[in-house]
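The values are calculated or read from the model by the stated rules, or taken from the named source; none is laboratory data. This one's a predicted model, so the numbers in the text were calculated from it and none came from an experiment. Every residue, glycine as well, gets a Cβ built from its backbone with ideal geometry; the counts of neighbours run over all protein chains shown.
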Amino acid sequence: MLVKDLKGRYLLIERMKYPIGFACPAGHLEEGESFEQAAKRELKEEVGLEAVSLKEILHEKSQNPCRRKGGDWHEWKIYEIKTAGEVIIEPTEVKKYLWSGPKNLRKLAERTAERESGKISESEWNANPGIEPVWRDFFKELGIL
């Protein structure tokens, strides 16, 4: 989900669990749930925001790993979301959040490239991560990076 503030910055979270890195709020479908329902639920659960409107901007399958058993791919629907309320993170799911403009998104993407090329260790990445690779790719595909 892309949540953008009035200054053009995107809401990113650092999860408590795998995968390590900054990402937009997201999550899995519960049984019988639509993508739209899941997006609203996950947004509320992770960052305490109410979705006022959702606009689908990307839909694809990606071969990125999942922490669920046997999960080596995801079907993604990315929404641009207008929200109400203030960010209140769920501490069992989210370490921290930040609002990131284009300059910081590029910096986080560079950190990710450094990790992928082996320039930084896993422990360095865990202490100071970049953006999750799948989200870097989505930001590129959407013309944001």
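Return the pair list, or none, for Cβ contacts closer than 9 Å from residues in segment 101-123 that are of a type in the set (Lys, Arg) and surrounded by fewer than 16 Cβ atoms within 10 Å (Cβ to Cβ) to residues that are in a helix (DSSP H, G or I) and modelled with pLDDT of 95 or more, at least 6 apart or on different chains.
Once the first residue is of a type in the set (Lys, Arg) and surrounded by fewer than 16 Cβ atoms within 10 Å (Cβ to Cβ) and sits in segment 101-123, its partners that are in a helix (DSSP H, G or I) and modelled with pLDDT of 95 or more give Lys119/Ala113.
State the number of residues belonging to segment 1-43 that are small (Gly, Ala, Ser), in contact (Cβ under 8 Å) with a residue 24 or more places away in the chain and outside any loop (DSSP other than H, G, I, E, B). Please lay out each step first, then the result.
Here is the first cut: in segment 1-43, the ones small (Gly, Ala, Ser) are 8, 21, 23, 26-27, 32, 34, 38-39.
Still in the list and also in contact (Cβ under 8 Å) with a residue 24 or more places away in the chain: 8, 21, 23, 26, 39.
Next, only the ones that are outside any loop (DSSP other than H, G, I, E, B) stay: 23, 39.
Counting residues in segment 1-43 that are small (Gly, Ala, Ser), in contact (Cβ under 8 Å) with a residue 24 or more places away in the chain and outside any loop (DSSP other than H, G, I, E, B) gives 2.
Considering Gly27, Gly21, Gly70, which residue is closer than 29 Å to Glu122 by Cα, modelled with pLDDT under 90 and surrounded by 13 or more Cβ atoms within 10 Å (Cβ to Cβ)? Give the derivation first.
Details: Gly21 fails: modelled with pLDDT under 90; Gly70 fails: surrounded by 13 or more Cβ atoms within 10 Å (Cβ to Cβ).
Result of the check over Gly27, Gly21, Gly70: Gly27.
What's the number of the condition Lys61 fails, among (1) within 21 Å of Lys4 (Cβ to Cβ); (2) at pLDDT below 95; (3) in a strand (DSSP E or B)?
For Lys61, the failing item is (1).
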